[in-house]
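Working notes, beginning with the structure itself.
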Amino acid sequence: GGDPTATLIALCSMRDFNLSEETCQLAIKDTGCLEVLINLLDTEEIKCQTGSLKILKEISQNILIRHAIADLGGLEIMVKILDSPDTDLKCLAAETIANVARFKRARKTVRKHGGIKRLVELLESISVGSSYQAKDTETVRCAALALWSCSKSTKNKKAIRKAGGIPLLARWLKCSHANILIPIVGTLQECASEPSYRHAIRTEGMIENLVKNLSSEHEELQMHCASAIFKCAEDEEIRDLVRKHEGLQSLSALLDKSENKQLLAAVTGAIWKCAISRENVLKFQEYKTVETLVTLLTDQPEEVLINVIGALGECCQEEENRGTIRRSGGIAPMVTLLTATHPALLVNVNKAVGGCAMEPENMAIIDSLDGVRLLWSLLKNPNPDVQASAAWALCPCVENAKNSGEMVRSFVGGLELIVNLLKSKDKEVLTSVCAAIANIAKDQENLAVMTDHGVVPLLSKLANTNNNKLRRHLAEAIAHCCMWGSNRVAFGEAKAVAPLARYLKSKDPLVHRATAQALYQLSEDPNNCVIMHENGVVKLLLAMVGSTDDTLQEAAAGCIANIRRLALATEKAKYG
C-alpha cells in the first residue's frame, strides 16, 4: 500500500518464501494478496510489474491459483503487457500466460483479447541465426510456451495459423536449443490434429527436422517429435518423407527406451501409422522392429498396447512378418488381449489376430488358445467398430482352420448371433458380417442352420445399397447362400435379383466379379432368369465374358447360358 520502493521490498521479501510449496501458494490466495499482485500489473512501474509477475509465474503452477488469476482479470492485463518495450517483462508475462492458460476458459480469454497475435509477433520479432543473445532465446521460449498452452483448443489452432504462426514454427524448428524446440514441437504436435497444419508440416519441410530431433538427448523433445509424426503419418506423403529422412531407423532405436512410457507411447504410435505403407514395413523388417514390438505386448499401459498391437496389425499384412510374430512368441499374448475392454485396443487386436490367421500354422495356435471363440464373443460387444473388426478377423480364421465347419458349430448360438448382426445400422458391420457369412456358408450344415435363422431375407433387405464395398461382400454372401435347399428361389421372392443386376453398372471390378457369381447361382432358377432378362443383365454380362479375370468370365458366361437355355425352352413351349 506504500510507495513503489516499499512495494518492491515487500515483493522481494515474498520471493524469499518457497513459492513452489502449496502452503505458500494458497496463503497468497487466501490473504487477498493475489488481488494486490494483479493490481500491480496495471501500474506504470516496470519494477513493480516485474516483481509481481515473478511471483505470479511461480504460484500459477497451482490449479486453484490459475483459476483465481483468470477470475480476477489477470490474463487481460498480461496480454496487454506483451506490447511492453521491456523484454524481460514480456517474457515473464508470456510464461505466466503459459501456466494460466491450461484450462479452456483461460485459453479463450487469451484469444479474445488478441493474445495469440501478440505471441506470434514475439516469435517473429527475433530472427533465427547464430547471433541471437540469451535474452532473445528467452523471448522465443516463453512465447512458444504460451502458444503451446493455448494450442490445446481448436479455435486457437486456427488463430495461430491466421496470425501467420505456421512458417514461424517451421523456422524455429531449425534451431538447436532444446528449451526452444520442446515448446515449438509441443505446439506443432498439438496442432497436427488439424489437416491444414499437417499439410504445412509436409510442405514447409518440417519432417526432416522432426526426424533429426528424434536423435536428441532430451527425451521430452524426442517424445513430442514422435508424437507429431504419429499424428501426421495418417498422410501417405508424410510416411514416405519419414522413411526418406531415415526416421524409421530412429523410431525403431527408441523402442529400447521402454521405461519412459510417455515416450514409448509416442514412438509406438509413430511406428504404427508409418507401418500403413508397405515400403515402411519392409524397412521395419530390416531393423527387426517386429521382434521388439512383440516383447512390448505384455506389462505395458493401455496407450502403449493400442499402438504396439496396431503396428503389428499393419506389419502382419506381410507374409514374412506373420511367421516372425509366431517365432517370437507373439501369438499367445495377442490372443490374451482379446479379453481386453478398451474399444480402440480391441479393434487393433482383432486386426492383428485376423492378419496372423492368414497363416495355417498360426491359425492352429490361435484355435488351440480359444482365440476364435473369443473373437466370436466380441461380435456381442456394443461397439460397432469392435463388432466389425471381429467379423473381419473371423474370415481368415474360418478359411484356414482345420475342420472349420465343425469349429463354427461348436459355438453355441454363434450362427444365430452372426445372422442377427445383418440387422445392424452400421455399414462396416454389415460389410464384414457379409464377408464372414460368405466364408461360413461354404459348409453345408452351417448354411442350413443360417437359413433357418433367416439369412436369406436379411441379405435380400440389404440389396438396395450404393456402397461398393458392401455390394461386393453382399453379392459373395448371396452366391454362397444359394447352395442350400430352395434359397435361390427365396432370394428371388425376397426381391434381391433386380438390385443385384444394377451392381453390374458399378465401376468396381471386384463388385462385377462377386455379382456375376451371385447372378450365375441365382440363374439356376427360371423365375430369376426372367427378372435378370427384364433388367438388361445379358448386355452387361456379354461385355464381361471378354474379361481377363477368369472367375468373372466363367460366371458371366454361365449366367448368360442359363438365361438363353430358359429362353429357348420357353420358345419351344410356345411354338412346340
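The values are calculated or read from the model by the stated rules, or taken from the named source; none is laboratory data. In this text the structure is predicted, and so the values were computed from the model without any measurement. Neighbour counts are summed over all protein chains in view; Cβ atoms, including those assigned to glycine, are modelled from backbone coordinates with ideal geometry. What goes into the accessible areas is simple: the full protein's heavy atoms, side chains included, and nothing from ligands, DNA or RNA. Shrake-Rupley method; radii C 1.70, N 1.55, O 1.52, S 1.80 Å.
For LYS57, the conditions (1) of a type in the set (D, E, K, R); (2) modelled with pLDDT of 95 or more; (3) surrounded by 21 or more Cβ atoms within 10 Å (Cβ to Cβ); (4) within 27 Å of THR31 (Cβ to Cβ) all hold with the exception of (2).
Could you pull out the residue among GLY558, GLY536 that is more than 23 Å from ILE440 (Cβ to Cβ), open to solvent by 30 Å² or more (accessible area, probe 1.4 Å) and not hydrophobic (A, V, I, L, M, F, W, C)? Step through it out loud before you land on a result.
Numbers: GLY558 fails: open to solvent by 30 Å² or more (accessible area, probe 1.4 Å).
It is GLY536.
Can you find a residue in the range 347-368 that is farther than 17 Å from GLY330 by Cβ and either at pLDDT 95 or above or among the hydrophobic types (A, V, I, L, M, F, W, C) (or both)? Taking every residue of the range 347-368 in turn, at least one turns out to be farther than 17 Å from GLY330 by Cβ and either at pLDDT 95 or above or among the hydrophobic types (A, V, I, L, M, F, W, C) (or both). Restricted to the range 426-460, and to residues there that are in contact with a helix residue (DSSP H, G or I) (Cβ under 8 Å, 6 or more places away or on another chain), farther than 18 Å from VAL398 by Cα and of a type in the set (D, E, K, R), the residue that is surrounded by the most Cβ atoms within 10 Å (Cβ to Cβ) is GLU428.
Listed here are the residues, each with its yes/no results for (1) within 30 Å of ALA448 (Cβ to Cβ); (2) assigned to a helix (DSSP H, G or I).
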site: ILE478; (1), (2): yes, yes
site: GLY485; (1), (2): yes, no
site: LYS495; (1), (2): yes, no
site: VAL511; (1), (2): yes, yes
site: VAL538; (1), (2): no, yes
site: THR548; (1), (2): no, no
site: LEU552; (1), (2): yes, yes
site: ALA556; (1), (2): yes, yes
site: ILE563; (1), (2): yes, yes
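Cβ-Cβ distances below 7 Å connect the following pairs, each with a first residue in the range 211-233 that is crowded, with 17+ Cβ neighbours inside 10 Å, a second residue that is not in a helix (DSSP H, G or I), and a separation of six or more residues or different chains: VAL211/HIS245; VAL211/GLU246; GLN222/SER216; ALA228/ALA192; LYS231/ALA192; LYS231/SER193; CYS232/ALA192.
Is one or more of the residues making up the range 297-317 of a type outside the set (A, V, I, L, M, F, W, C), in contact with an Asp or Glu (Cβ under 9 Å, 6 or more places away or on another chain) and surrounded by fewer than 24 Cβ atoms within 10 Å (Cβ to Cβ)?
Start the filter on the range 297-317 by keeping residues that are of a type outside the set (A, V, I, L, M, F, W, C), which leaves 298-303, 307, 310, 313-314, 317.
The next check asks that each one be in contact with an Asp or Glu (Cβ under 9 Å, 6 or more places away or on another chain); those that pass are none.
No; the residues of the range 297-317 include none that is of a type outside the set (A, V, I, L, M, F, W, C), in contact with an Asp or Glu (Cβ under 9 Å, 6 or more places away or on another chain) and surrounded by fewer than 24 Cβ atoms within 10 Å (Cβ to Cβ).
What do you reckon, is LEU470 touching a Lys or Arg at 6+ places or on another chain (Cβ under 7 Å) and either more than 20 Å from THR431 (Cβ to Cβ) or open to solvent by 30 Å² or more (accessible area, probe 1.4 Å) (or both)? Criteria not met by LEU470. Within the range 484-496, the set of residues being farther than 19 Å from MET532 by Cβ and buried (at least 17 other Cβ atoms within 10 Å of the Cβ) comprises just one member, TRP484.
Could you list, ordered by first residue, the pairs with Cβ atoms under 7 Å in which the first is in the range 529-552 and within 13 Å of ARG513 (Cα to Cα) and small (Gly, Ala, Ser) and the second is part of a helix (DSSP H, G or I) and modelled with pLDDT of 90 or more, at least 6 apart or interchain? Partner pairs satisfying both residue conditions: SER547/GLN553. Of all the residues in the range 410-464, those that are outside any helix (DSSP H, G or I), at negative phi and at pLDDT 95 or above number 10.
Yes/no per residue for (1) open to solvent by less than 60 Å² (accessible area, probe 1.4 Å); (2) modelled with pLDDT under 95; (3) of a type in the set (Asp, Glu):
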{"position": "CYS175", "(1), (2), (3)": "yes, yes, no"}
{"position": "GLU204", "(1), (2), (3)": "no, yes, yes"}
{"position": "VAL242", "(1), (2), (3)": "yes, no, no"}
{"position": "GLN249", "(1), (2), (3)": "no, no, no"}
{"position": "LYS261", "(1), (2), (3)": "no, no, no"}
{"position": "ALA266", "(1), (2), (3)": "yes, no, no"}
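Out of ALA393, ALA401, one residue alone is touching a residue at least 12 places away in the same chain (Cβ under 8 Å), in contact with a Lys or Arg (Cβ under 8 Å, 6 or more places away or on another chain), of a type in the set (A, V, I, L, M) and buried (at least 17 other Cβ atoms within 10 Å of the Cβ). It is ALA393.
Taking the criterion of being modelled with pLDDT under 95 and outside any helix (DSSP H, G or I), the residues of the range 115-151 that qualify are SER125, ILE126, SER127, VAL128, GLY129, SER130, SER131, TYR132, GLN133.
So for the range 498-505 (the condition being under 21 Å from PRO384 (Cα atoms) and open to solvent by 10 Å² or more (accessible area, probe 1.4 Å)), does at least one residue qualify? No, because not a single residue in the range 498-505 is under 21 Å from PRO384 (Cα atoms) and open to solvent by 10 Å² or more (accessible area, probe 1.4 Å).
Against the numbered list (1) closer than 23 Å to GLU361 by Cα; (2) in contact with a Leu (Cβ under 7 Å, 6 or more places away or on another chain), GLY323 comes up short only at (2).
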